[in-house]
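> Can you read through this structure? Questions will come right after.
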Amino acid sequence: MAAAAAAAAPSPAPCFPSTRHTLPGLVSVRVSRRVKVAVAVADPAPAFNSVTAFAPATVANLGPGFDFLGCAVADASLSLGDTVTATLDPSLPPGTVAIASVTSPSRPTLADRLSRDPLRNCAGVAAIAALRALDVKSHAVSIHLTKGLPLGSGLGSSAASAAAAAKAVDALFGSLLHQDDLVLAGLESEKAVSGFHADNIAPAILGGFVLVRSYDPFHLIPLSSPPALRLHFVLVTPDFEAPTSKMRAALPKQVAVHQHVRNSSQAAALVAAVLQGDATLIGSAMSSDGIVEPTRAPLIPGMAAVKAAALEAGALGCTISGAGPTAVAVIDGEEKGEEVGRRMVEAFANAGNLKATATVAQLDRVGARIWEDCSGRSNLEWLTWTLVGGEEGGIGR
């Protein structure tokens, strides 16, 4: 097992903006009409011995929404995502986190590329940040990470690991953290990997579409789409890695005013379309990025042909998912998904000489969720138990 990393140690510098939420380890005591004093109390007691959480894949940017728009996506089997099991570990020093294992059943060699050092692993960094936010000093946690997402795919692989870890650790101690604080814990992990942007980690935690309005003060805006919206995503991932650092380095250093205005209007149209449930407009706006996509597409062999093939096959829109290389097409309902995916895979092969796989996913409105707790209840069993009158609060927040 890798060496444990302390969660209670002071951070070297403020890693993310503070929020207005009171930390679980503090209580607010009124001592006069004008003065409030924060009084330290014991760190929270564990609610479970072990908890497993799942976090879905995410599509960041959504075309013109570079670094401030994203959504969560999931396939029918919930294989598009990462899973983390957090377990109390009395063999570790209190207040620390250790990574017990990293596995990837669908990609066995992937696990060997990930560090077991919790300070160099996205799940480890987020778990440490969550413990710190909870002010846990008397207990240690070991985590088991199961990767369902490929690395460098543009599907929020690092965010899924971070979101699942933060969710599992929080649930282990009774789900005390506000959702913003969970996002901020994951954002500390994201910062170390791909930069300080929440367009993957926010939807991975919250689910659905999310607008990142600002970081100081930290403000996320979930975008509620009508339940009748049957939006599906055709995700085509070529056998090709596009490191986020490389793709960000390709971005233009300056943007003309008219380009900024056009992209801003497309991003605004995309937000309006989500709120109105207009799938056609969502697709059109996603396809209209005139700043980021034109600079990144040439770095992904065959991307221009893949986009054209998707639109010709009936997709409402197509763009690069996150930093790529996954191409994402949107369709209204899943009926055209197989054909659109087939055409996109063929385009990657013919124009880019790349093998690719296609997955049809739908909008995931839940985000990170508890998969199983120490009682052995599965996610479905837990949901059923809650709906029929199980204990309030608990790990389902």
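The values are calculated or read from the model by the stated rules, or taken from the named source; none is laboratory data. Predicted model, so just to flag it, every value in this text is computed and none were measured. Counting neighbours? That spans all protein chains shown, and the Cβs are built from the backbone with ideal geometry, glycine included. Just the protein is used for accessible areas: all its heavy atoms, side chains included, with ligands, DNA and RNA removed. Shrake-Rupley method; radii C 1.70, N 1.55, O 1.52, S 1.80 Å.
> So Ile201 fits all but one of (1) farther than 25 Å from Ala250 by Cβ; (2) touching a Leu at 6+ places or on another chain (Cβ under 9 Å); what number is the exception?
Here Ile201 clears every test but (1).
> Between a residue in the stretch 235-257 that is within 26 Å of Leu311 (Cβ to Cβ) and any residue that is open to solvent by 90 Å² or more (accessible area, probe 1.4 Å) and in a loop (DSSP other than H, G, I, E, B), which pairs come within a Cβ distance under 7 Å, given they are 6 or more apart or on different chains?
Final answer for the pair search is Pro238/Lys355; Asp239/Lys355.
> Residues Ser265, Ser287: which one is surrounded by fewer than 14 Cβ atoms within 10 Å (Cβ to Cβ) and among the polar types (S, T, N, Q)?
None of the other options fit; the residue is Ser265.
> Yes or no: the stretch 176-185 includes at least one residue that is over 15 Å from the mean Cα position of the chain (by Cα) and either among the hydroxyl-bearing types (Ser, Thr, Tyr) or outside any loop (DSSP other than H, G, I, E, B) (or both).
Checking the stretch 176-185: not a single residue is over 15 Å from the mean Cα position of the chain (by Cα) and either among the hydroxyl-bearing types (Ser, Thr, Tyr) or outside any loop (DSSP other than H, G, I, E, B) (or both).
> Quick check: anything in the stretch 297-308 within 21 Å of Glu335 (Cβ to Cβ), open to solvent by less than 20 Å² (accessible area, probe 1.4 Å), in contact (Cβ under 8 Å) with a residue 12 or more places away in the chain and under 23 Å from the mean Cα position of the chain (by Cα)?
Checked the stretch 297-308: no residue is within 21 Å of Glu335 (Cβ to Cβ), open to solvent by less than 20 Å² (accessible area, probe 1.4 Å), in contact (Cβ under 8 Å) with a residue 12 or more places away in the chain and under 23 Å from the mean Cα position of the chain (by Cα).
> Next up: Is there a residue being more than 17 Å from the chain's Cα centre (by Cα) and farther than 15 Å from Thr58 by Cβ anywhere in the stretch 156-171?
The answer is yes; a qualifying residue exists.
> In the stretch 195-228, what residues are in a loop (DSSP other than H, G, I, E, B) and not small (Gly, Ala, Ser)?
Here is the first cut: in the stretch 195-228, the ones in a loop (DSSP other than H, G, I, E, B) are 195-200, 207-208, 216-217, 224-228.
Listed by number, the residues that qualify are Phe196, His197, Asp199, Asn200, Asp216, Pro217, Pro226, Pro227.
> Which one of Val39, Val51, Val136, Val84 is farther than 14 Å from Ser161 by Cα, part of a strand (DSSP E or B) and modelled with pLDDT of 95 or more?
Testing whether each residue is farther than 14 Å from Ser161 by Cα, part of a strand (DSSP E or B) and modelled with pLDDT of 95 or more leaves just Val51.
> Follow-up. Restricting to the stretch 321-357, count the residues that are touching a Ser or Thr at 6+ places or on another chain (Cβ under 8 Å), over 21 Å from Ala159 (Cα atoms), at pLDDT 95 or above and part of a strand (DSSP E or B).
Counting residues in the stretch 321-357 that are touching a Ser or Thr at 6+ places or on another chain (Cβ under 8 Å), over 21 Å from Ala159 (Cα atoms), at pLDDT 95 or above and part of a strand (DSSP E or B) gives 2.
> Let me ask another. Going by the structure shown, is Pro243 buried (at least 21 other Cβ atoms within 10 Å of the Cβ), under 21 Å from the mean Cα position of the chain (by Cα) and farther than 26 Å from Leu223 by Cβ?
No, not satisfied.
> While we're here: Mind listing whichever residues of the stretch 358-384 are modelled with pLDDT of 95 or more, assigned to a strand (DSSP E or B) and not charged (D, E, K, R)? Working first, answer last.
As a first pass, look at the stretch 358-384 and keep what is modelled with pLDDT of 95 or more: 358-370.
Next, from what is left, pick out any that are assigned to a strand (DSSP E or B): 358-363, 369-370.
Hits for the stretch 358-384 are Ala358, Thr359, Val360, Ala361, Gln362, Leu363, Ile370.
> What pairs come up if the first residue lies in the stretch 338-367 and is over 22 Å from Pro298 (Cβ atoms) and open to solvent by less than 40 Å² (accessible area, probe 1.4 Å), the second is among the polar types (S, T, N, Q) and part of a strand (DSSP E or B), and their beta carbons are under 8 Å apart, counting only those six or more places apart or on different chains?
If the second residue must be among the polar types (S, T, N, Q) and part of a strand (DSSP E or B), the pairs left are Gly341/Thr359.
> Scan the stretch 189-226 for residues that are within 30 Å of Ala45 (Cα to Cα), surrounded by fewer than 24 Cβ atoms within 10 Å (Cβ to Cβ) and among the charged types (D, E, K, R) and report the count.
1
> Counting just the residues of the stretch 158-175 that are open to solvent by 10 Å² or more (accessible area, probe 1.4 Å) and assigned to a helix (DSSP H, G or I), which one comes out farthest from Ala45 (Cα to Cα)?
This residue is Ser158.
> Let me ask something else. Go through the stretch 139-155 and give me each residue that's part of a loop (DSSP other than H, G, I, E, B), open to solvent by 10 Å² or more (accessible area, probe 1.4 Å) and at pLDDT 95 or above.
Going residue by residue through the stretch 139-155, those that are part of a loop (DSSP other than H, G, I, E, B) are 139-140, 147-155.
Retained after the next criterion (residues that are open to solvent by 10 Å² or more (accessible area, probe 1.4 Å)): 139, 148, 150-152, 154.
Scanning the stretch 139-155 gives a single hit, His139.
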